[in-house]
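Trainee: This is the structure I want to talk about, given as structure tokens.
Bear in mind that the values in this text are calculations on the coordinates, not laboratory data. Bear in mind the structure is a predicted one, so any value in this text is a computation, not a measurement. For neighbour counting, all protein chains shown are included, and Cβ atoms are generated from backbone atoms with ideal geometry for every residue, glycine included.
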Amino acid sequence: MSDAPILGPVNHVADLSAASDFEKKHTPHLTVEASDDKMVVTVTVGHEVSHPNQPDHYIGWIELYANDAGIARFDLSPVATDPVVSIVVAVDAGTVLRAVAHCNLHGLWAAELTV
Ligand SMILES: [Fe+2]
């Protein structure tokens with residue numbers, strides 16, 4: 001049995017400033033705002049270049065990890081949502097937040113932010 005991910009390889013763009021529009025519209029963008037002793041994490045797919053949101057081409061889900069632990073998953077409808085999600089989290093300083101998004105045509109895309 002192969003060790004390859006079932007959904008295919010995870011695309012990761014090292015330098016978004018040098019990325020193509022195709023890469024920019026798929027790579028998750030993470031922001032964090034302080035909220036009392038917690039933080040609000042917002043993940044946007046298509047931050048600089050909008051990703052299509054149509055029945056035949058859409059972001060179907062976004063997952064959020066804290067270090068290697070999955071902490072949230074959002075399943076998205078292609079016609080009634082935009083691929084932008086926010087959640088309140090309580091994690092230690094230095095935690096690596098990782099967002100993974102799935103495009104139904106172009107697979108998995110990931111980005112990280114250390115808080
Ligand atoms: Fe796509």
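Trainee: Which residue fluctuates the most in the chain, going by a Gaussian network model with Cα springs under 10 Å, if the choices are 28, 55, 83?
Mentor: Fluctuation is largest for 55.
Trainee: DSSP loop (so not H, G, I, E, B), at most 15 other Cβ within 10 Å: list which GluC sites (Glu not before Pro) in the range 26-91 pass both filters.
Mentor: When the GluC sites (Glu not before Pro) of the range 26-91 are filtered for loop state and at most 15 Cβ neighbours within 10 Å, 48 remain.
Trainee: A further question follows. Build a GNM of the chain with springs between Cα atoms under 10 Å: which of 21, 37, 92 gets the top mean-square fluctuation?
Mentor: Taking springs between Cα atoms under 10 Å, the residue moving most is 37.
Trainee: Which value, to two decimals, describes the C-alpha radius of gyration of the range 52-112 once divided by 2.2 N^0.38 Å?
Mentor: Against the empirical 2.2 N^0.38 Å value, I get 1.20 for the range 52-112.
Trainee: Suppose we keep just the DSSP beta bridges with both residues in the chain; what percent of those would be antiparallel, to 5?
Mentor: Within the chain, antiparallel bridges account for around 90 percent of the total.
Trainee: Specify, per residue and in Å³, the volume enclosed by the convex hull of the alpha carbon atoms belonging to the chain.
Mentor: Spread over its residues, the Cα hull of the chain gives 116 Å³ apiece.
Trainee: For the charge dipole of the chain, defined by +1 on Lys and Arg C-beta atoms and -1 on Asp and Glu C-beta atoms about the Cα centroid, which residue among 85, 55, 16 has the Cα displaced farthest towards the positive pole?
Mentor: 55
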